[in-house]
Structures are given as C-alpha cells and as structure tokens.
Amino acid sequence: MLGTAYYPEHWEEDRIEKDLSAFRNNGIEFVRIGEFMWSVLEPEEGKYNLSLLKKTMDICKTLQIKVILSTPSATPPAWLISKYPQILQKDIASDTRNFGGRRHYCYNSKEYALYVSKIVELLASEFSSHDALYAWQIDNEFGCEDTSHCFCEKCDESFRAYLEDKYGDIGSLNKAWGTVFWSQIYNSFSQITTPKKISAIPNPHQMLDFYRFSSISVKKFAQMQTDILRKYSDKPVTTNFMVNFTNLDYCSHQELYDFISFDNYNPSAKFDPLQQAFNLDLMWSLKRKNFTVMEQQPGRVNWQNRNLFFPAKWLVPSTIQAFLHGAENLSYFRDRAVSFGAEQYHNGLMNYEGNPDTSPRLKVVKKLSEEVSKLSSRPKAKVAIYFDYEVAWMHKINGVCKDFDYVKALQDIYAAFRYFGYFVDFIFRDSKIENYEIVVLPYALYVPKNFMKKLEKYQGSLFITCMSNIKDENNSIISDRPLGWKIKDLSFTIKDFGAIYEEYIDYKDHGLVADMWIEELEVIEGKQTGTWESSPLKKGPALIAAKNSDITYISTVLSKKSWRKLLKYTFKPELEIKESLELITNDKESYFINFDSEEQRSGHTDIEPYNYKKTK
C-alpha cells in the first residue's frame with residue numbers, strides 16, 4: 001500500500017474530507033496521524049479534546065483509508081514543561097534542551113512517563129476498536145535531533161543504578177573501566193555521573209556503558225507505551241527507525257515491535273541510490289521480513305545545508321526501489337507542503353496551495369499505486385555483511401583514525417557487491433550464516449565468542465578486514481594474547497598498526513587503493529596475496545589468504561573501487577552495473593531502476609530517466 005503522513009491539525013477542519021478524498025482518489029490507501037498532536041489532544045492538563053482526531057478517523061473509515069495512529073510523546077506540550085521543567089533533557093555540557101523544538105524530554109523522567117502513560121492509555125481506550133485503525137506508531141524517530149543521550153541529574157541517578165546492577169561492586173567496575181588510568185578510581189557508585197563534557201578524551205569504557213545505558217533507557221520508555229497499547233489493542237505496533245543511524249541498538253529495539261518501519265531520507269549532500277538500498281536491506285535484515293517505509297522523502301527536504309531539488313518523477317525510482325528491497329507499505333512525508341513552522345521548506349505530495357489538480361507528485365503517486373502490487377518479491381541474498389551497533393559505538397568513542405566512518409565503510413563494501421548485481425543481507429551477533437555463499441566481517445573491533453564459533457564452522461567465502469577482533473566487550477584492546485587471527489588454516493599476528501593516508505597495494509597485478517589503517521602482519525600459516533607497493537611496510541603483506549580454505553584477510557580499508565577489483569578478480573562476475581542504475585534480480589525477472597535525469601543503457605536495455613524497466 002501507499003500512504004502519506006497527514007496533519008489535520010495544520011488545516012481548517014473543512015479541509016479534512018477534501019484532502020482525504022483527494023488522497024484516496026490518487027492511490028493513497030493509508031495515513032499516519034497524531035505524532036505531534038499532543039497540544040491539540042490535551043490543550044490543558046487533564047482537559048482532553050479528541051474531536052479532531054475522531055473526526056479524521058471517522059472520515060478515513062468512510063473513505064476506506066487505513067490509519068496508523070501515533071502516540072504523541074515526541075513533543076511534550078508547553079503546559080507540561082512549564083509545570084515540570086525537569087522533564088527537559090540536558091546535553092553533554094549540562095545545558096538544558098529547552099522547549100520550542102521536539103524530542104526535548106528525558107527518557108528517565110518519572111514525571112514525563114506518568115503523563116505519557118495517561119495520554120497513551122486514553123488513545124488506546126478510545127480508538128483500539130475503531131474500524132479505520134490499522135496499526136500504532138510509538139513516538140517519532142527516537143534519538144533524532146541528537147537526543148539519544150541525556151546528561152541530566154535523573155540520568156546520573158539512573159546510570160548509577162544501571163552500573164550497580166551490572167557490576168555488583170565498585171571494584172569490578174574500576175577493573176572493567178581501567179580507572180587506574182588518569183587517577184579515575186571510584187570509591188562508590190555515588191561518585192559516578194553520566195560522562196559530561198571534560199577537558200580531555202573521555203574514558204572509552206565508561207562511554208560504551210553509557211551508550212548501552214542510553215539505548216536501554218529509550219527501549220524501556222518505548223516498552224512502557226507498547227505495553228499499554230497491547231493491553232487494549234490487538235493491532236500491530238511499530239516505531240520509525242532512521243537511516244544511517246547507530247546511536248540506538250536497533251537489533252535490540254526491534255524486539256518490541258510487530259513490524260519494522262523507518263524513514264527513508266537521503267542523509268548526504270549528494271543522492272546515492274545504493275546508500276538508500278543499504279538502509280532498506282538493513283531494515284529488512286533486522287527481522288528478516290518485509291517492513292514499512294513510514295516516511296519516504298518526497299523531494300526537497302528542510303534540514304540539509306543545501307536542500308536539493310528533486311522533480312516529481314524522482315518518486316518513481318525511489319518508490320520502486322523500496323518495494324523491491326522488501327517494503328510492503330510506503331508512506332510519503334508529507335500530505336502537503338506547509339507554509340509555516342520549522343519544516344516550511346519541505347516538499348509534500350500537494351503543493352503549498354493544497355490543490356490536487358496542480359500537484360504533480362500526487363499524479364505520480366496515483367500511477368505508482370497501480371504498479372507496486374505487481375512487483376516481484378525481494379530476492380534471496382547470497383552475500384551477508386556483519387553489522388554491529390556496539391561496534392559502531394566503539395568506533396565513535398575512540399580510534400586511531402578519527403575520520404573513519406563505520407557505516408560509510410560498510411556502505412562501500414555493500415556498493416561493491418551491488419555493482420556486480422549481488423543481493424546483500426546484513427547479519428548480526430545471533431544470525432545464522434551457513435546458508436550464505438559469501439560472508440564479510442568488516443571492521444568488527446569486538447567479535448563475540450558465539451559468532452567466532454560460527455565463523456570457524458563456516459564453509460563459504462569469508463572476507464575479514466582490519467580492526468576486527470582487537471577489543472573485548474569492555475572496549476579494551478586485547479592484551480592476554482597477541483593480536484591477530486587463527487582460523488582454520490589461516491594464522492597470523494598483528495605486530496603493530498596505525499593510521500595512514502592513501503597508499504597502494506599490488507594484488508595479483510591489480511592495483512588497490514588503501515586508506516585510513518595499516519597493520520604490520522606476521523604470517524604464520526597462509527599465503528601473501530597482496531603486497532604493499534608504498535607505505536612504511538613496502539613489500540610486506542597487505543592481503544593474506546588461507547592455504548586451502550576460502551578465507552581472505554584485508555589489513556587495511558580499501559576504497560569502493562578497490563573492493564570492486566577484489567571481487568571481480570575473486571568471483572569473475574558477469575555483470576557490471578552503472579552507478580546511476582540499480583539492478584534487482586530474482587528467479588523470474590529483473591528490474592533496472594534509473595535514478596538519473598538522463599536515459600541510461602545497460603546491455604541492450606534502455607531505461608528512461610527517473611524510471612524503471614522490467615525484463616525477463
């Protein structure tokens with residue numbers, strides 16, 4: 001189904017039926033409503049007014065439009081903040097995140113939890129049996145606006161309780177955190193606070209525990225709401241995750257929800273269709289089943305340095321891509337461009353004047369609504385890339401190369417496989433890996449023992465990169481053994497490592513570009529397949545492989561093009577896809593998607609600008 005985010009509170013009431021009718025007549029089958037509506041639903045404490053919401057739901061029922069109803073906890077109203085200013089978050093410098101934006105509340109505020117539970121219970125009791133209700137959305141974009149971490153006094157107290165429960169005694173914490181360094185030894189848990197702004201590099205072990213605590217705090221806040229909803233309703237519950245977002249452990253959070261949904265925006269200065277594909281496949285992989293795009297970028301946004309222009313027909317490749325990567329529903333953000341408020345420069349399906357007849361995006365959506373149900377299902381992947389949210393935190397907290405971007409580095413590997421048409425899943429600590437032909441373990445600073453056992457039993461092609469398995473679960477560098485690997489018939493030690501700028505590798509007469517990281521390897525068992533052409537380790541091993549089993553170790557960060565060269569030499573794929581195209585193939589048919597403003601050709605297939613073509 002196709003849908004849109006709808007905001008009846010933004011318009012005169014006599015617009016609601018007109019708007020919803022226009023959407024229904026143009027292929028929109030569901031709307032999401034209510035996520036920023038608290039001050040309308042409860043304009044004063046305890047004085048509820050659900051009439052606008054009920055009217056909207058009733059009209060949706062008449063027009064046979066399904067509703068995803070949101071809880072409004074992302075935007076606490078002014079009267080609540082005035083009464084309980086301690087609800088507000090504090091940033092790392094202990095400055096208050098004041099009223100006037102969104103997501104300014106503390107997840108550990110008991111006062112806020114009380115008021116949220118009241119409004120959620122009211123919505124659940126009033127609308128759980130409404131015929132238009134399709135699903136629930138909890139809050140909106142947990143962690144957006146840099147609000148994953150709060151440093152207020154309530155969080156200090158909750159963090160101490162979390163640590164005492166985890167470690168039991170202060171001596172165990174001191175050992176795990178290495179507090180003897182820089183004279184940080186604690187005598188009691190009462191001396192610990194959240195890691196606020198300081199004059200030097202923060203304790204990396206404390207930071208990792210704080211990131212864990214913060215993610216758990218958000219999850220507990222969300223679960224409070226899901227528990228209330230499920231007490232009244234049997235409709236599915238979700239929340240909207242975000243692209244390129246690692247501040248929260250989505251692997252853990254997904255357990256709360258009946259289906260995954262996320263907001264599909266281009267987070268970069270330049271649109272990259274494979275970056276979007278990466279996030280679509282990551283969302284599918286969290287539950288290994290189809291998901292919902294809760295907010296699809298309709299064109300121009302409002303939050304980038306330069307909010308790029310996208311023509312209405314750009315919605316075609318973006319929508320088709322999402323469904324072919326596993327979306328079962330997609331909702332465009334938003335219903336209509338709004339002339340006021342922080343998002344006044346954001347496109348909508350309808351233009352500012354709200355006339356459906358002069359809104360080209362709505363016409364594109366109508367045509368798409370007739371096509372998406374005919375698309376093939378998501379292909380089965382032969383390739384799996386390991387992804388770990390805690391590893392992302394470790395990279396963010398501290399590193400040899402401060403400009404290393406874990407997600408960007410994984411996207412380069414992903415894009416190299418997609419360049420040759422390989423479909424890709426993501427795997428996590430608890431995933432099964434034996435059915436994949438190719439597995440990549442990239443930049444995984446910490447590898448849990450249970451996953452190491454899976455790698456040792458794996459029989460396919462395995463790629464392991466630098467930085468992998470050099471830390472423990474406390475974020476300490478391993479010191480009870482030499483750094484390195486011993487897996488099957490590949491064994492080596494890492495004598496030293498450090499950062500580099502761009503250097504070059506000879507890989508079986510193919511030139512590879514290396515960056516960011518270099519390791520001095522001593523090969524015990526295995527063979528040298530790539531040699532440093534430059535760098536202080538010239539002539540030394542850069543890539544090594546097992547003698548007999550199919551394992552390759554890469555001791556640096558390869559560029560996207562170098563990953564392509566490596567894969568091309570290793571697997572000799574028949575296809576190579578232009579960067580402006582994406583090819584998605586299953587057993588029955590292939591789809592070429594063109595994101596470019598010019599016609600593109602692949603083989604004998606011509607694909608029109610901003611369009612797609614199905615071939616047998």
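What is the list of residues in region 447-488 whose amide nitrogen lies under 16 Å from a point 7 angstrom out from the Cα of Asn548, following Cα to Cβ?
Answer for region 447-488: 457-460, 487-488.
Where does each of 165-177, 5-17 land if you order them by average Cβ count within 10 Å, highest first?
Descending packing order for the listed peptides: 5-17, 165-177.
Under the rule of at least 5 residues apart or a separate chain, name every residue whose amide H is placed under 5 Å from the amide H of Tyr105.
Gln89
As an exercise, take the mean of 1/r over every pair of distinct alpha carbons in region 36-129, invert it, and state the Kirkwood radius in angstroms.
Value: 14.5 Å, from the Cα pair sum.
Projecting each Cα onto the charge dipole of region 320-366 (Lys/Arg +1, Asp/Glu -1 at the beta carbon, about the Cα centre), which of Ala342, His325, Tyr352 comes out farthest on the positive side?
His325
Enumerate the calculated ³J(HN,Hα) couplings along region 201-211 in order (Karplus 6.51 cos²θ - 1.76 cosθ + 1.60, θ = phi - 60°), each rounded to whole Hz, writing x wherever the residue is Gly or Pro.
Working through the residues one at a time gives 5, x, 5, x, 7, 4, 4, 5, 5, 5, 4 Hz.
Please state the shape class of region 108-213: rounded when a/c is under 1.5, otherwise prolate if a/b exceeds b/c and oblate if not, all from the C-alpha gyration tensor.
On the way: a/c = 3.24, a/b = 2.60, b/c = 1.25.
Prolate shape, in that a/c is at least 1.5 and a/b is the bigger ratio.
When each pair of different Cα atoms in the chain is counted once in the 1/r mean, what is the Kirkwood radius in angstroms, to one decimal?
About 26.2 Å for the chain.
Going by Cα centres, region 81-104 and region 514-568 are how many Å apart?
Rounded to whole Å, the Cα centres lie 49 Å apart.
Can you give me the long-range amide H partners of Leu581? Hydrogens built in the peptide plane at 1.01 Å from N, cutoff under 5 Å, separation of 5 or more residues or another chain.
The list, which skips near neighbours in sequence, is empty: none.
For Val180 paired with Lys270, estimate the spin-label separation in nm (one decimal), with each label point 7 Å from Cα along the Cα-to-Cβ line.
Going from the Val180 label point to the Lys270 one covers 5.0 nm.
Report the extension gain between Glu574 and Glu45 in nm, rounded to one decimal, defined as 0.36 nm multiplied by the number of residues separating them, less their alpha carbon distance.
Taking 0.36 nm per residue and subtracting the Cα distance, the gain is 183.9 nm.
Relative to the Cα centre, what is the charge dipole magnitude of the chain, using +1 at the beta carbon of each Lys and Arg, -1 at the beta carbon of each Asp and Glu, and rounding to the nearest 20 debye?
My answer is approximately 920 debye.
Mean residue ellipticity at 222 nm from the helices of the chain, using -39,500 (n - 2.57) per DSSP H segment of n ≥ 4 over the full residue count, to the nearest 500 deg cm²/dmol?
About -9500 deg cm²/dmol.
With only alpha-carbon atoms counted, please give the Rg and Dmax of region 251-351, in Å.
So, for region 251-351, Rg and Dmax equal 14.0, 40 Å respectively.
Through the Karplus equation 6.51 cos²θ - 1.76 cosθ + 1.60, θ set to phi - 60°, convert the phi angles of region 300-307 into ³J(HN,Hα) values in whole Hz; use x for Gly and Pro.
Result, rounded to whole Hz: 5, 10, 10, 10, 9, 4, 10, 7.
What is region 468-564's relative contact order, in percent, from Cα pairs under 8 angstrom and six or more apart in sequence?
24
Taking the Cα centre of the chain as the origin and placing charges on Cβ (Lys, Arg +1; Asp, Glu -1), which of His205, Gly498, Thr246 is farthest toward the positive end of the dipole?
Gly498
On full extension of the chain, what length is gained from Lys54 through Lys538, given 0.36 nm per residue of separation minus the C-alpha to C-alpha distance?
Values: separation 484, 0.36 × 484 = 174.24 nm, distance 7.14 nm.
Going from the current span to full extension adds 167.1 nm.
Not counting ligands, DNA or RNA, and with a 1.4 Å probe, what is Ile477's accessible surface area in Å² rounded to the nearest 10?
It works out to around 90 Å².
Do the alpha carbons of any pairs in Lys219/Lys287; Lys396/Lys449; Lys402/Lys457 sit beyond 28 Å of each other, and which pairs?
Those over the limit are Lys402/Lys457.
Find which of Leu50, Phe428, Phe30 sits farthest along the positive direction of the dipole of the chain, computed with +1 on the beta-carbon of Lys and Arg, -1 on that of Asp and Glu, about the Cα centre.
Most positive-ward Cα: Phe428.
How far is the Cα center of region 239-270 from the Cα center of region 476-496, in Å?
34
Roughly what % of Cα-Cα distances in region 537-616 sit above 17 Å, to the whole percent? Can you show the working numbers first?
On the way: 1929 of 3160 pairs.
The share of Cα pairs beyond 17 Å in region 537-616 comes to 61 percent.
Taking the alpha-carbon centroid of each part, what is the distance from region 148-184 to region 385-464 in angstrom?
Value for the Cα centre distance between the two parts: 30 Å.
Normalised by the empirical 2.2 N^0.38 Å for globular proteins, what value does the Cα Rg of region 422-577 take?
The reported ratio for this selection is 1.01.
Read phi for every residue in region 119-133 and hand back ³J(HN,Hα) as whole Hz from Karplus 6.51 cos²θ - 1.76 cosθ + 1.60, θ = phi - 60°, with x for Gly and Pro.
Couplings: 6, 5, 5, 5, 4, 5, 6, 7, 10, 4, 9, 5, 5, 7, 5 Hz.
Normalised by the residues of region 121-214, what does the relative contact order come to in percent, with Cα pairs under 8 Å and at least six apart? It would help to have the intermediate numbers written out before the result.
Details: 51 pairs, mean separation 27.5, N = 94.
Answer for region 121-214 is 29 percent.
Using 0.36 nm per residue, how much length does the chain from Asn25 to Glu9 gain when fully extended, once their Cα-Cα distance is taken away?
3.6 nm
With all pairs of different alpha carbon atoms counted, what Kirkwood hydrodynamic radius in Å does region 29-86 show?
It is 12.5 Å.
So with the 1.4 Å probe, I'd like the accessible area per residue for the chain, rounded to whole Å². Could the numbers behind the result be given before it?
Values: 25820 Å² over 616 residues.
That works out to 42 Å² for each residue.
Which whole-number percent gives the relative contact order of the chain, counting Cα pairs below 8 Å spaced six or more residues apart?
10
Share of the chain's accessible area from carbon and sulfur, percent, 1.4 Å?
On the way: 12450 of 25820 Å².
Answer for the chain is 48 percent, counting heavy atoms of protein chains only.
Let's see if you can work this out: charge +1 on each Lys and Arg Cβ, -1 on each Asp and Glu Cβ, no other charges. What is the dipole magnitude of region 1-46 about its Cα centre, in debye to the nearest 20?
Computed charge dipole of region 1-46: roughly 400 debye.
Can you give the FRET efficiency for Glu456 and Ile92, using 1/(1 + (r/R0)^6), R0 = 41 Å, r = Cβ-Cβ distance, to the nearest 0.05?
Efficiency at R0 = 41 Å is approximately 0.50.
Ranking request for peptides 222-230, 71-79, 298-306, 238-246: highest mean number of other beta-carbon atoms within 10 Å first, then the rest in descending order.
Working: 222-230: 18.8, 71-79: 20.3, 298-306: 14.8, 238-246: 22.0.
The densest-packed peptide leads the list: 238-246, 71-79, 222-230, 298-306.
The values are calculated or read from the model by the stated rules, or taken from the named source; none is laboratory data. Keep in mind that this is a model prediction, so the values were computed, not measured. Positions of Cβ are backbone-derived with ideal geometry, glycine not excepted, and every protein chain shown enters the neighbour counts. When the accessible area is computed, the model is the full protein with side chains, heavy atoms only, and any ligands, DNA or RNA have been set aside. Shrake-Rupley method; radii C 1.70, N 1.55, O 1.52, S 1.80 Å.
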